[in-house]
Amino acid sequence: MTHNVDESQDAAAVVAAWNRIDTWLMAHVPMSRATLRPPATAVRLAAAEQNTGHALPAGLKALWLLHDGTHEMPAHLATFEMMAGYQETLALPLPLKLRWLWDMGAGSELYPQAPDPAEFEREPGYAEMLGRPLPEQIRWLWERGGRPLPALLVGDKEAEEDLNTFLHGEGLLRIDRATDLHAMMVSTGEWPGSWLPFTADDPDDPYAGTFLDTGTGKVGRWGLMDVPSPGKETLAQYLARAADTLDRRA
């Protein structure tokens with residue numbers, strides 16, 4: 001019983017810390033928040049446990065049940081709010097907003113044809129979505145359009161920052177990326193099987209980041225060219241510290 005209570009408390013602490021991060025992102029960088037993927041499914045969590053051979057700690061499950069990592073994006077981005085015409089676009093009807101987004105990202109090879117607004121008008125929830133703030137509208141379109149949203153937002157090649165790396169300069173890994181990296185590092189004998197990465201400096205092409213020791217529940221640092229360093233923080237403490245860092249930027 002005590003073990004179950006402790007796991008429940010760990011999960012609740014992770015959710016509470018993440019809610020602070022989520023609130024900050026919505027208030028200050030809504031497009032960064034829009035890079036977060038939908039929640040993981042129970043099937044993906046079970047597959048992760050099977051693939052790693054270790055039970056996922058309740059806190060890590062809780063984190064991935066909030067968001068299964070972040071969406072892929074180009075390496076160089078301009079922040080949405082800094083793009084020319086952003087303020088004027090806020091007042092435009094949705095088809096013109098779509099056209100503006102296309103024009104801003106027309107140089108991308110990923111989008112040889114402009115999106116068709118009529119495709120979205122048939123989606124359930126379309127009418128309700130029209131009254132939401134623009135970042136929420138764009139996320140709605142992104143989730144239904146099969147396109148990685150930030151690629152539509154490519155502007156100046158000089159990036160302000162990578163939108164999906166807001167956890168101490170790192171981003172949340174997708175479950176499949178985490179387990180693939182785990183398998184690679186364990187197979188080389190460099191990691192024990194209990195270490196599971198969950199953030200990376202580049203979630204699309206991981207080079208360094210943090211791992212959770214599923215045995216101790218502590219967060220450590222990893223790097224492909226560095227000696228891993230086990231840490232002393234729990235996952236909830238790591239996320240709370242990230243929230244503190246963001247709060248100081250407000």
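The values are calculated or read from the model by the stated rules, or taken from the named source; none is laboratory data. These numbers come from a predicted model, not from an experiment. Note that we place each Cβ from the backbone using ideal geometry, even for glycine, and neighbour counts take in every protein chain shown. Keep in mind that these areas ignore ligands, DNA and RNA; they rest on the heavy atoms of the full protein, side chains included. Shrake-Rupley method; radii C 1.70, N 1.55, O 1.52, S 1.80 Å.
Using a 1.4 Å probe, what is the accessible area per residue for segment 174-250, in Å²? Intermediate results must be reported in sequence, preceding the final value.
On the way: 3640 Å² over 77 residues.
Per-residue accessible area for segment 174-250 comes out at 47 Å².
Ranking request for peptides 227-235, 204-212: highest mean number of other beta-carbon atoms within 10 Å first, then the rest in descending order. Walk me through the numbers before you get to the answer.
Numbers: 227-235: 14.7, 204-212: 19.9.
Ranked by mean Cβ neighbours within 10 Å, highest first: 204-212, 227-235.
Quick check on packing: order 45-58, 165-178 by the mean number of other C-beta atoms within 10 Å, highest mean leading. It would help to have the intermediate numbers written out before the result.
Numbers: 45-58: 16.1, 165-178: 21.9.
Peptide ranking by packing, descending: 165-178, 45-58.
Quick one: pull the percentage of alpha-carbon pairs in segment 162-230 with a separation above 20 Å.
Working: 420 of 2346 pairs.
When every Cα pair of segment 162-230 is considered, 18 percent fall beyond 20 Å.
Can you tell me which of 183-189, 35-41 comes out highest on packing, and rank the rest after it, using the mean Cβ neighbours within 10 Å?
On the way: 183-189: 12.4, 35-41: 17.7.
Order by mean packing, descending: 35-41, 183-189.
Just to check I understand the Karplus step: with θ = phi - 60° and J = 6.51 cos²θ - 1.76 cosθ + 1.60, what whole-Hz values come out for segment 40-45, glycine and proline as x?
These are the phi-based 3J(HN,Hα) values: 5, 9, 4, 5, 5, 5 Hz.
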